[in-house]
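Down below is the structure, laid out as structure tokens.
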Amino acid sequence: MPETDNRAAQDQSFMRLAIKLAERGRGRTNPNPVVGAVIAKDDKILGVGYHARYGDLHAERAALQNCTDPTDGATMYVTLEPCAHHGNQPPCADAILAAGIARVVIGSDDPNPLVAGAGIRKLREHGVNVETGFLRTECDALNPVFFHYIRTGRPYVVLKYAMTLDGKIATRTGASQWITGEAARQRVHEDRNRYAAVMVGAGTVAADNPALTCRIENGRDPVRIVCDSKLRTSTDCQLVQTARDVRTIFATVTPDAEKKAAFESMGCEVWELPADSAGRVNLHELMERLGAAKLDSVIVEGGATLNWAVLQAGLVQRVQAYISPKLFGGAAAKSPIAGLGVEVPDGAFRLRDVSMTPLDGDFLIEGNL
């Protein structure tokens, strides 16, 4: 194999290892990105690292710390541009220079205004050979949440629901547990571990009394958000009863101090927000406040009314539809999205980059809006 072909193959192999390492931080680094790094010289790996959790070492410094041999003249493969500013950690570009790294291969550019090319520029100014955009598509796929959050200051929103093949989320009696099987429900818990928060409406809490926790080994519970305009949720529900264990936020428009105090005494946070034209919680204002609270992502697991509200408000970035090959029937049985709906087929909300995943008899169809 020619030397250039061998180097290209090594570059791909080492960067794909960095991508796998980055995934290990999933659900722990929010609102920071997941990042992986590999340091190699010739065909030997000297050290690997990843950003394990928010506030911990960045991937580049973790990889340098794990090196077993001198790094002079080595190559670093990193899935995201190294930072050049002081945050929770000192600049990674400085650590790379101090280690004598000769070449840095970067997957994704960092849109963070505090970085945005500064890391690349600093490395090049000090004589480091920097290559950018390497396996960019695969590296970009690691951090859609971070890219959206850092550009907008608002959470990345995933609209998720489960339905039958005839488009029902419950029977005519309102029964909905369970539409999908265990494999699909396991995937939902994996996403609760991945994203920062999960949001439902008061109607879902009243109908299903959900816990909205992450039930996988070593999982992290998302912050739980309930849109409850009138604070009509019973304080006997699971969400309120466990609010001291899992952060729980009630978003409301009511100024009723007595109602608020009842929830707050149980450990809930109550956010009074402006009302929209229908008298419900203004979802744009809620997303701004969630972003300011460093909650970079939200899964909407509500009912048909909330689903339409976030969709109509233009707040959804991704849709996940779990479909079970069952038929409920019933004109009165609910569909996933209520509201007024679009007027003509050409007005439909369209998904792109659509994929379908079989899940032990069920199917997950998902894509970006």
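The values are calculated or read from the model by the stated rules, or taken from the named source; none is laboratory data. This one's a predicted model, so the numbers in the text were calculated from it and none came from an experiment. Note: ideal-geometry Cβ built from the backbone for every residue, glycine included; neighbour counts use all protein chains shown. Quick note on the areas: whole protein, heavy atoms, side chains included, nothing else; ligands and nucleic acids left out. Shrake-Rupley method; radii C 1.70, N 1.55, O 1.52, S 1.80 Å.
Worth a mention:
- Members of segment 327-358 found to be part of a strand (DSSP E or B) and over 21 Å from the mean Cα position of the chain (by Cα), listed by number: P358
- Given (1) over 27 Å from A52 (Cα atoms); (2) open to solvent by 20 Å² or more (accessible area, probe 1.4 Å), index of the condition A202 fails: (2)
- Residue within segment 194-211 that is touching a helix residue (DSSP H, G or I) at 6+ places or on another chain (Cβ under 9 Å) and on the phi > 0 side of the Ramachandran plot present: yes
- Residue check for T4: more than 17 Å from C139 (Cα to Cα), surrounded by 15 or more Cβ atoms within 10 Å (Cβ to Cβ) and modelled with pLDDT under 95: no
- Per-region count, segment 227-243, residues open to solvent by 20 Å² or more (accessible area, probe 1.4 Å) and either among the aromatic types (F, W, Y) or assigned to a helix (DSSP H, G or I) (or both): 2
- The residues on offer are T357, T305, and the sole one that is modelled with pLDDT of 95 or more and either touching a Gly at 6+ places or on another chain (Cβ under 6 Å) or surrounded by 14 or more Cβ atoms within 10 Å (Cβ to Cβ) (or both) is T357.
- Residue check, N282 among the polar types (S, T, N, Q) and over 28 Å from P358 (Cα atoms): yes
- Flag for L340 being over 30 Å from P358 (Cβ atoms) and crowded, with 17+ Cβ neighbours inside 10 Å: no
- Looking across segment 253-281 at every residue that is assigned to a loop (DSSP other than H, G, I, E, B) and without any contact (Cβ under 8 Å) to a residue 12 or more places away in the chain, the one that is nearest to the chain's Cα centre (by Cα) is identified as D276.
- Candidates E190, E182 - the one that is within 26 Å of L290 (Cα to Cα), surrounded by fewer than 18 Cβ atoms within 10 Å (Cβ to Cβ) and out of contact with any Lys or Arg (no Cβ under 6 Å at 6 or more places or on another chain): E190
- In the set (1) outside any loop (DSSP other than H, G, I, E, B); (2) touching a residue at least 12 places away in the same chain (Cβ under 8 Å); (3) hydrophobic (A, V, I, L, M, F, W, C), the condition left unmet by V246 is number (1).
- Of all residues making up segment 123-137, the number that are out of contact with any strand residue (DSSP E or B) (no Cβ under 7 Å at 6 or more places or on another chain), surrounded by 13 or more Cβ atoms within 10 Å (Cβ to Cβ) and in a helix (DSSP H, G or I): 0
- Filtered residues of segment 69-113 (kept if in a loop (DSSP other than H, G, I, E, B), closer than 26 Å to P144 by Cβ and open to solvent by less than 20 Å² (accessible area, probe 1.4 Å)): E81, P82, C83, P91, D110
- Number of positions in segment 334-354 that are under 16 Å from I179 (Cβ atoms) and either in contact with a Gly (Cβ under 9 Å, 6 or more places away or on another chain) or among the hydroxyl-bearing types (S, T, Y) (or both): 3
- Residues of segment 314-329 that turn out to be open to solvent by less than 30 Å² (accessible area, probe 1.4 Å) and either under 25 Å from A278 (Cα atoms) or among the basic types (K, R) (or both), as a count: 3
- Scanning segment 17-36 for residues that are within 19 Å of D69 (Cβ to Cβ), open to solvent by 60 Å² or more (accessible area, probe 1.4 Å) and more than 18 Å from the chain's Cα centre (by Cα) turns up nothing.
- Filter result (of a type in the set (K, R) and closer than 26 Å to T357 by Cα) within segment 147-173: K160, K168
- Which numbered condition Y50 misses (of (1) buried (at least 22 other Cβ atoms within 10 Å of the Cβ); (2) in contact with a strand residue (DSSP E or B) (Cβ under 6 Å, 6 or more places away or on another chain); (3) at pLDDT below 95): (3)
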